[in-house]
Amino acid sequence: MDIMTETLPIAIQVSDALVAEIKNIASVSNKLEAQLNFHTMTANWYSNEANILMINFYLVSISELKNVSTHAGSVDLESLADDVLIGTKNSLLDCHVAITSAELVLLEQQPKLLSGYLAKKLTKVLNLLADRHKFAHI
């Protein structure tokens, strides 16, 4: 039996450095990926199937974010905030979102904040993108 797997419009990948530093970030990110795909779907972001915006979130440390900008190559990077860089290739957005040093300390002291905190941070980025692409906020 063939099982067809379809790529979801929003994907979240966590750097190895963050996985090593923040307990549960991989599992929290997996759940968050499903939530964000659901919220953008219910906000009607995918009504035009010929032009679906694909978004890859890369959660990285702040030092890794600095490396992204130096190794961007031919991709134009745009700074959306001090801790967010976006590279665009056609209808694919690579969003590098950094966990700052202060955020890292807070998340290590208060691990229960991780899920809500990441949800707020990525939703904020998605709503900035919604403004650009004339989508409804989630």
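The values are calculated or read from the model by the stated rules, or taken from the named source; none is laboratory data. Since this is a predicted model, take the numbers as computed values, not measurements. Note: ideal-geometry Cβ built from the backbone for every residue, glycine included; neighbour counts use all protein chains shown. The protein model used for the area step is the full one, side chains on, heavy atoms only, and it has no ligands, DNA or RNA in it. Shrake-Rupley method; radii C 1.70, N 1.55, O 1.52, S 1.80 Å.
With a cut-off of at least 2 residues that are open to solvent by less than 20 Å² (accessible area, probe 1.4 Å), name the helices (runs of 4 or more DSSP H) lying wholly within the stretch 28-133. Spell out how you get there, then give the answer.
On the way: elements: 62-70, 101-109, 114-133.
It comes to 114-133.
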The conditions are (1) farther than 26 Å from LYS31 by Cβ; (2) modelled with pLDDT under 90, and VAL68 fails exactly one of them. Which is it?
(1)
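For the stretch 86-102, which positions are within 17 Å of ILE10 (Cβ to Cβ) and out of contact with any Lys or Arg (no Cβ under 8 Å at 6 or more places or on another chain)? Working first, answer last.
Of all residues in the stretch 86-102, those within 17 Å of ILE10 (Cβ to Cβ) come to 86-97.
Selection gives ILE86, GLY87, THR88, LYS89, ASN90, SER91, LEU92, LEU93, ASP94, CYS95, HIS96.
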